[in-house]
1. For THR116, all conditions in the list (1) surrounded by fewer than 16 Cβ atoms within 10 Å (Cβ to Cβ); (2) touching a residue at least 60 places away in the same chain (Cβ under 8 Å); (3) not charged (D, E, K, R) hold save one; what is the number of the exception?
2. Kindly evaluate ARG199 against the criterion of being surrounded by fewer than 20 Cβ atoms within 10 Å (Cβ to Cβ), outside any helix (DSSP H, G or I) and at pLDDT 75 or above.
3. In segment 66-148, which helices (runs of 4 or more DSSP H) lie fully inside it and hold 2 or more residues that are under 28 Å from VAL205 (Cα atoms) and modelled with pLDDT under 95?
4. Considering segment 56-87 alone, what residues qualify as being under 22 Å from LYS153 (Cα atoms) and polar (S, T, N, Q)?
5. For segment 155-178, check the following and say yes or no: at least one residue is small (Gly, Ala, Ser), surrounded by 15 or more Cβ atoms within 10 Å (Cβ to Cβ), within 15 Å of the chain's Cα centre (by Cα) and at pLDDT 90 or above.
6. Taking segment 122-133 as the search range and keeping residues that are touching a helix residue (DSSP H, G or I) at 6+ places or on another chain (Cβ under 9 Å) and within 17 Å of GLN166 (Cβ to Cβ), which one is surrounded by the fewest Cβ atoms within 10 Å (Cβ to Cβ)?
7. Going through segment 149-166 one residue at a time, which ones are part of a helix (DSSP H, G or I) and either touching a Cys at 6+ places or on another chain (Cβ under 6 Å) or hydrophobic (A, V, I, L, M, F, W, C) (or both)?
8. Looking at segment 78-109 only, could you name the residues that are closer than 15 Å to ILE168 by Cβ and of a type in the set (Gly, Ala, Ser)?
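The values are calculated or read from the model by the stated rules, or taken from the named source; none is laboratory data. Note that this is a predicted model, so its numbers are computed, not measured. Every residue, glycine as well, gets a Cβ built from its backbone with ideal geometry; the counts of neighbours run over all protein chains shown.
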Amino acid sequence: MTKIYEALESAGQGRQGGGLGGGGGIGGAVRMPKPLENKLLGVARRIEPSAAVGASAVQFVSAQNGDDSSRIAVSFAKLVPTRLGKQTLLLAAGPRAATGKLLPASGAKGWDSILTGDCSLDDTLYKTDVPGLTVAQVSANAGALPTVLASPKAAEIFESLRQRFQMIVVDAPPAGASWDAVVLSNLVDGAVIVVEAGRTRWQAVQSAISDIEGQSGRVFGVILNKQKHYIPQWVYRLI
């Protein structure tokens, strides 16, 4: 398996914030623990596009429900344009908690509207207050997601987006909850699997990796989220 990237949270983080990303709403500076920021930047610098021309594309997916992959995807998507200067698209696949906060409160259009001829690709792209970050969605309806992804036009839409941006970040549904993340792995250059320390079963992680690689997808690595530090942080700084 590829290298494991450990996303470490600061000791003493509250339950609500979790230390990932900024506050609610579209805008806001990128605020996260320094270890997490460094790990995500390391991931970003190692991602190379498989296509000869176009954006790099990575999906963040949890091995099971509740592993917080959506907030990590948003944190990563905010970090890439602000720290690396790359025009970035954050793409929600289905109703995703953190990315959904960046979309318009109502009436946001997705790929399903393109397929029915109700709008153009431009109509599905929404600017955010983070310079260089655009947000979009495949479909807000989880039930419609498999049908949209099965359409031959889905790959065409994604390739069109590759030509418009330098980095595409897909906020994907949990691998253990549906097959959609596995289908998406064929569109992106690779996947980063989010694992919650002390909660996610290793069998779930292995299953997610096997499913993605079994469909010719690539796994970049694993982010270990919500790791607890029982030794005070100042001790780590002395090492």
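1. Against the list (1) surrounded by fewer than 16 Cβ atoms within 10 Å (Cβ to Cβ); (2) touching a residue at least 60 places away in the same chain (Cβ under 8 Å); (3) not charged (D, E, K, R), THR116 comes up short only on (2).
2. Taking the combined requirement at face value, the residue does not satisfy it.
3. 69-84, 97-100
4. SER56, GLN59
5. Yes, there is a match, as at least one residue in segment 155-178 is small (Gly, Ala, Ser), surrounded by 15 or more Cβ atoms within 10 Å (Cβ to Cβ), within 15 Å of the chain's Cα centre (by Cα) and at pLDDT 90 or above.
6. The extreme case among them is PRO131.
7. Across segment 149-166, the qualifying residues are LEU149, ALA150, ALA154, ALA155, ILE157, PHE158, LEU161.
8. Listed by number, the residues that qualify are ALA92, ALA93.
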